[in-house]
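Notes follow once the structure below has been shown.
The values are calculated or read from the model by the stated rules, or taken from the named source; none is laboratory data. These numbers were taken from a predicted model, which means no experiment stands behind them. Note: ideal-geometry Cβ built from the backbone for every residue, glycine included; neighbour counts use all protein chains shown.
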Amino acid sequence: MNLAKLKPGERGRITKIGSIGPIKRRLMDMGVLVGEEVIVEKIAPLGDPIEVTIKNYSLSLRRKEAEGISVEGA
């Protein structure tokens with residue numbers, strides 16, 4: 001399952017970051033790392049962006065970025 005499929009209020013643990021190149025580096029610099037717990041806070045009405053909490057920080061991710069992050073239920 002990927003991060004974009006989680007609903008607001010759901011949690012997941014990151015298992016893989018499938019993005020490549022500068023996008024992957026940017027995500028990792030923001031704290032999106034394998035093993036971290038992520039909570040989906042809210043999703044914009046049209047589905048983009050998705051606001052998540054990782055390590056007590058709020059981040060907004062584009063749907064395309066969230067689709068490249070694999071999670072398992074936590």
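Points worth noting:
- Taking the numbered list (1) surrounded by 12 or more Cβ atoms within 10 Å (Cβ to Cβ); (2) in contact (Cβ under 8 Å) with a residue 24 or more places away in the chain in turn, Gly9 passes all entries but (1).
- Within the range 24-57, being surrounded by 15 or more Cβ atoms within 10 Å (Cβ to Cβ) and β-branched (Val, Ile, Thr) holds for Val32, Val38, Ile39, Val40, Ile43, Ile50, Val52, Ile54.
- Of residues in the range 1-46 being among the small types (Gly, Ala, Ser) and not in a loop (DSSP other than H, G, I, E, B), the one nearest to Tyr57 (Cα to Cα): Gly12
Yes/no per residue for (1) in contact with a strand residue (DSSP E or B) (Cβ under 8 Å, 6 or more places away or on another chain); (2) at pLDDT below 90; (3) among the β-branched types (Val, Ile, Thr):
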position: Lys7; (1), (2), (3): yes, no, no
position: Arg25; (1), (2), (3): no, yes, no
position: Asp29; (1), (2), (3): no, yes, no
position: Glu41; (1), (2), (3): yes, no, no
position: Ala44; (1), (2), (3): yes, no, no
position: Pro49; (1), (2), (3): yes, no, no
position: Val52; (1), (2), (3): yes, no, yes
position: Glu65; (1), (2), (3): no, yes, no
